[in-house]
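Reading through the structure tokens given below for one structure.
What follows draws every value from the coordinates through simple rules; no lab data is involved. All of these numbers come straight from a predicted model, not from anything done at the bench. Positions of Cβ are generated from backbone atoms using ideal geometry, with glycine treated the same way; all protein chains shown enter the neighbour counts.
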Amino acid sequence: MEKEINIAIFGSGNGSNAQRISEYFADKEGIKIATFVVNKKDAYMIERAKNLGIPCRVFGRNDFYNTNNVTDYLKEMDIDFVVLAGFLWLVPENILQTYQRRIVNIHPALLPLYGGKGMYGMNVHQAVIDNKEQESGITIHFVDEKYDEGTTIFQAKCNIAPDDTAETLAQKIHLLEYEHFPVVIEQVVGNLQHNN
Ligand code: GAR
């Protein structure tokens, strides 16, 4: 029997994608959402973890960038794969080394457009609206040492209506994320298992 793949979901805030992904995998065999890792102690994602019965750990800047506390925890939890869902810091070198080609991120725009430092959440949607774009979308990509530059795995688009605002665009993007992110994670993890 193949080993169950344990996933850690990293986030910084609301955690609605983390919840959606957890619900998607709750009744599936072979993939388990083993923990949430959060870098803000007031993130609503912590509350969601409690409600879902998923372990959750909060790590601060020092833990991430000056120690092995996070990689030690991931090893302790037997984590095979990392998903960034609204995680707003660069992933440090020690985690990248441990999980090469095993970390994916979702970005709420069509990269390489509207990516890079400072481009997250509502900032992205406001910039897209300000530039009067006619479409936007989501990008799921592997994570490397730069913001939003790893290899693209998947993109999906949505149209922007003349009366869309940053808020209504955010809602459209979230729906795309909920629809596609869990399925793409399942595919990437499945490919990993086949190539091993
Ligand atoms: C999502 O829209 C995600 O794409 C975005 O933050 C939101 C988190 O929402 N991520 C980035 O902007 C990363 N640069 P959630 O916490 O409700 O899942």
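List of remarks:
- Criterion (surrounded by 12 or more Cβ atoms within 10 Å (Cβ to Cβ) and part of a strand (DSSP E or B)) met by exactly one of F64, F36: F36
- Residue identified as more than 16 Å from the ligand (Cβ to nearest atom) and either of a type in the set (A, V, I, L, M, F, W, C) or surrounded by fewer than 20 Cβ atoms within 10 Å (Cβ to Cβ) (or both) among F142, F81, F87: F81
- Check on V70, within 25 Å of G118 (Cβ to Cβ), away from the ligand (no atom under 15 Å from the Cβ) and crowded, with 21+ Cβ neighbours inside 10 Å: yes
- Taking every residue in segment 100-119 that is on the phi > 0 side of the Ramachandran plot and pairing it with any residue that is of a type in the set (G, A, S), at least 6 positions away or on another chain, the pairs with Cβ-Cβ distances below 7 Å are Y114/A127.
- Taking segment 120-139 as the range and being among the charged types (D, E, K, R) and either touching a residue at least 40 places away in the same chain (Cβ under 8 Å) or within 9 Å of the ligand (Cβ to nearest atom) (or both) as the test, no residue passes.
- Considering only residues in segment 159-171 that are within 24 Å of the chain's Cα centre (by Cα) and buried (at least 16 other Cβ atoms within 10 Å of the Cβ), the one that is nearest to V104 (Cα to Cα) turns out to be A170.
Table: residues versus (1) touching a His at 6+ places or on another chain (Cβ under 9 Å); (2) in contact (Cβ under 8 Å) with a residue 12 or more places away in the chain; (3) over 15 Å from Y178 (Cβ atoms); (4) within 15 Å of the ligand (Cβ to nearest atom).
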residue	(1), (2), (3), (4)
N6	no, yes, yes, no
I9	no, yes, no, yes
Q19	no, yes, no, yes
K28	no, yes, yes, no
K32	no, yes, yes, no
K40	no, yes, yes, yes
Y44	no, yes, yes, yes
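- Matching residues in segment 9-38 - criterion: being of a type in the set (A, V, I, L, M) and within 14 Å of L84 (Cβ to Cβ): I9, A18, I21, I33, V37, V38
- Inside segment 48-106, residues that are touching a His at 6+ places or on another chain (Cβ under 9 Å) and of a type outside the set (A, V, I, L, M, F, W, C) make up a count of 1.
- Of all residues in segment 90-127, those being outside any loop (DSSP other than H, G, I, E, B), more than 12 Å from the chain's Cα centre (by Cα) and under 13 Å from D144 (Cβ atoms) number 4.
- Residue in segment 149-157 that is within 11 Å of the ligand (Cβ to nearest atom), closer than 20 Å to G86 by Cβ and either among the small types (G, A, S) or assigned to a loop (DSSP other than H, G, I, E, B) (or both) present: no
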